Amino acid sequence: MSEFKKTILCIGAGYVGGPTMAMIAAKCPNYKVHVVDLNEERIAAWQSDDLPIYEPGLLDTVKVARGRNLFFSTNVDAGIAEADIIFVSVNTPTKMFGRGAGKAADLQYWEKTARQIKRCATKDIIVVEKSTLPVRTAEAMERILREENDDFKVEVLSNPEFLAEGTAIRDLENPDRVLIGGRETPAGAQAIQDLVDVYEHWVDSDKILTTNTWSSELSKLVANAFLAQRVSSINTISALCEKTEANVKEVARAIGTDSRIGSRFLYASVGFGGSCFQKDILNLVYLCEHFGLPEVAAYWEQVVEVNNWQRTRFVNNMITSMFNTVVDKKIAIFGFAFKADTGDTRESPAFYAVKQLLEERANVVICDPQAIPNAQIDLAGVKGNISYEADPYKAAEGAAAIAIFTEWSDFKELDYQKIYDVMSHPAFMFDGRNIVDHQALYEIGFNVYPIGMSKKVHFTK
Ligand code: UDX
Ligand code: UDX
């Protein structure tokens, strides 16, 4: 007899699966939690103290449970055979081929996983969608699993993950809510309850919301769409502020104090990045088009278009300000991660900016406290003069400009006088995150270009 009440399996040891399972294992010592992935290197890293993702507090959480009730392996088949509850957290990127290319979700890993579960399961199971998926994907999963299957019973639940990178552990430990969707049948209700039992080990019951499957699947897409929409909204206003001497930080504060609007997610920036926002909105757009709602699709697509525009606008502004040419100019890119406190660079605005700057034949040096390895992977096939330097003081040596793309606190605390002294002059600062003291930098001698605020320049024109 196992010493554990139940065995949980998670397929996919990525940014979502890894931290989520570490938290469940840490909080539920009576459940065995087994995390599997096809990627051997990733699994080996999860078994070491050099985890495959950088996330504050993650290693401590992993260490609470690893070897006790948290296990990592590549043995997917054996994991499935033993499991009572199977979380599926494989990646579902935007489909880049065929029907729906550029918008729809690529469900190939998802379906392969469903078939593997069917082949290897030995007892009644609950399958939990953790990956973000188009609405009604659970139905497809159920069909695959139930068709010609008298061996075991299966219930499919949707349990989207709302953690944000950089704050994953905090978000998992103290979530605003946990959302669980299932079938409105007695078996569905029982499966929901089984998953509620897991989360109730540490989450208050009033924060555990249960809905039907389709509401849960859709809510995840809609939550990300609304969050991204706020960023795009404030970014459109940043452009207007730059034209009118209004200050976007002041505007954000003024509107954000209205409790109906709220103050969070109103930071104007060089654009949102990350693996989810763009992918999920495009997925929503595709769904709307599919269901014959072109106006709804166009409305949401605009959020992504504004984001693309903001990214390009920032780089165009850099080029224009630097006398319409950046050829052979050294430009220090401060931050390549899509946000602070992560090494993740997926859809990072810095990636697009670097490509644009290289097309303009700039000499780009990338500086980031965590993301240089991923930056090197992302830019491996990109031609041009690129180098990497973890030390910001060295990165700035001889540079004509610094462009801040990630709001790392490291960049707020630098000695900018020292940096100015080693740069070529006139020296430019393009602050894509509004994190440095613009007036102080201006007084040092920088020409400063924030987002959504008047520039501070020493030229008379
Ligand atoms: C995942 C989903 O991609 C995304 O849709 C959802 O919004 C959040 O969860 P993430 O954890 O960031 O995102 O993805 P990633 O870090 O790429 O991890 C997925 C893992 O699944 C990878 O380690 C990959 O090796 C693994 N995988 C993929 C499998 O084990 N089997 C497969 O068939 C495919
Ligand atoms: C997001 C959602 O927040 C999370 O709930 C979901 O599970 C996954 O997608 P994540 O992508 O990790 O999380 O980070 P998030 O903090 O939401 O930031 C996304 C992007 O928006 C980042 O590039 C960030 O810098 C940018 N952003 C965010 C802004 O530019 N301004 C803001 O005010 C907030």
Residue identified as part of a helix (DSSP H, G or I), surrounded by 15 or more Cβ atoms within 10 Å (Cβ to Cβ), free of Cβ contacts under 8 Å to residues at least 40 places away in the same chain and out of contact with any strand residue (DSSP E or B) (no Cβ under 6 Å at 6 or more places or on another chain) among K418, K355, K394: K355
Any strands (runs of 3 or more DSSP E) falling wholly within segment 13-130 and containing at least 1 residues that are away from ligand 1 (no atom under 14 Å from the Cβ), among the aromatic types (F, W, Y) and surrounded by 14 or more Cβ atoms within 10 Å (Cβ to Cβ): 31-36, 70-73
Filtered residues of segment 364-378 (kept if in contact with a helix residue (DSSP H, G or I) (Cβ under 7 Å, 6 or more places away or on another chain) and closer than 24 Å to V327 by Cβ): V364, V365, I366, C367, D378
Filtered residue count, segment 304-330, keeping only those that are out of contact with any helix residue (DSSP H, G or I) (no Cβ under 8 Å at 6 or more places or on another chain), surrounded by fewer than 17 Cβ atoms within 10 Å (Cβ to Cβ) and not in a helix (DSSP H, G or I): 4
Of all residues in segment 340-349 being crowded, with 22+ Cβ neighbours inside 10 Å and near ligand 2 (Cβ under 10 Å from one of its atoms), the one that is farthest from the chain's Cα centre (by Cα): P349
Every residue from segment 206-222 that is within 14 Å of ligand 2 (Cβ to nearest atom) and either among the basic types (K, R) or in contact with a Lys or Arg (Cβ under 6 Å, 6 or more places away or on another chain) (or both): K220
Residue, nearest to L218 (Cα to Cα), within segment 270-303, restricted to residues that are in contact with a helix residue (DSSP H, G or I) (Cβ under 7 Å, 6 or more places away or on another chain) and among the small types (G, A, S): A297
Residue in segment 226-243 that is in contact (Cβ under 8 Å) with a residue 40 or more places away in the chain, closer than 24 Å to A25 by Cα and in the same structural domain as G432 (by TED's automatic domain parsing) present: no
Qualifying residue in segment 155-174 (condition: in contact with a Pro (Cβ under 8 Å, 6 or more places away or on another chain) and crowded, with 23+ Cβ neighbours inside 10 Å): yes
Residue match in segment 65-88 (condition: within 16 Å of ligand 2 (Cβ to nearest atom), at pLDDT below 95, within 23 Å of E139 (Cα to Cα) and of a type in the set (A, V, I, L, M, F, W, C)): no
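Going through S424, S387 one at a time, which residue ends up being over 26 Å from E55 (Cβ atoms), in contact with a strand residue (DSSP E or B) (Cβ under 7 Å, 6 or more places away or on another chain) and in the same structural domain as M453 (by TED's automatic domain parsing)?
Of S424, S387, the one residue that is over 26 Å from E55 (Cβ atoms), in contact with a strand residue (DSSP E or B) (Cβ under 7 Å, 6 or more places away or on another chain) and in the same structural domain as M453 (by TED's automatic domain parsing) is S387.
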Count - residues of segment 1-46 that are touching a Ser or Thr at 6+ places or on another chain (Cβ under 8 Å) and of a type in the set (S, T, Y): 3
Scope segment 216-237; condition away from ligand 1 (no atom under 16 Å from the Cβ) and either at pLDDT below 95 or over 23 Å from the mean Cα position of the chain (by Cα) (or both); matching residues: I237
Residue among D151, D197 that alone is surrounded by fewer than 17 Cβ atoms within 10 Å (Cβ to Cβ), away from ligand 2 (no atom under 16 Å from the Cβ) and not in a helix (DSSP H, G or I): D151
Hey, R361 at pLDDT 95 or above, of a type in the set (K, R) and crowded, with 16+ Cβ neighbours inside 10 Å or not: no
Complete set of residues in segment 421-461 that are in a strand (DSSP E or B), touching an Asp or Glu at 6+ places or on another chain (Cβ under 8 Å) and of a type outside the set (F, W, Y): V448
Test: residue in segment 269-279 that is under 16 Å from E161 (Cα atoms), buried (at least 22 other Cβ atoms within 10 Å of the Cβ) and among the charged types (D, E, K, R): yes
Residue among R260, R264 that is assigned by TED's automatic domain parsing to the domain that holds R346, away from ligand 1 (no atom under 16 Å from the Cβ), exposed (fewer than 14 other Cβ atoms within 10 Å of the Cβ) and under 18 Å from the mean Cα position of the chain (by Cα): R264
Pairs, first on the phi > 0 side of the Ramachandran plot in segment 142-169, second in a loop (DSSP other than H, G, I, E, B), C-beta under 8 Å, six or more apart: G166/E55; G166/P56; G166/K339; G166/A340; G166/D341; G166/T342
Neighbours by Cβ (under 9 Å, 6+ apart or cross-chain): first from segment 183-207, farther than 21 Å from I8 by Cα; second hydroxyl-bearing (S, T, Y): E184/T213; K207/Y199
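The values are calculated or read from the model by the stated rules, or taken from the named source; none is laboratory data. Being a predicted model, the structure only gives us computed values, none of them experimental. Methodologically, a virtual Cβ is constructed for each residue, glycine included, from the backbone with ideal geometry; neighbour enumeration extends over all protein chains shown.
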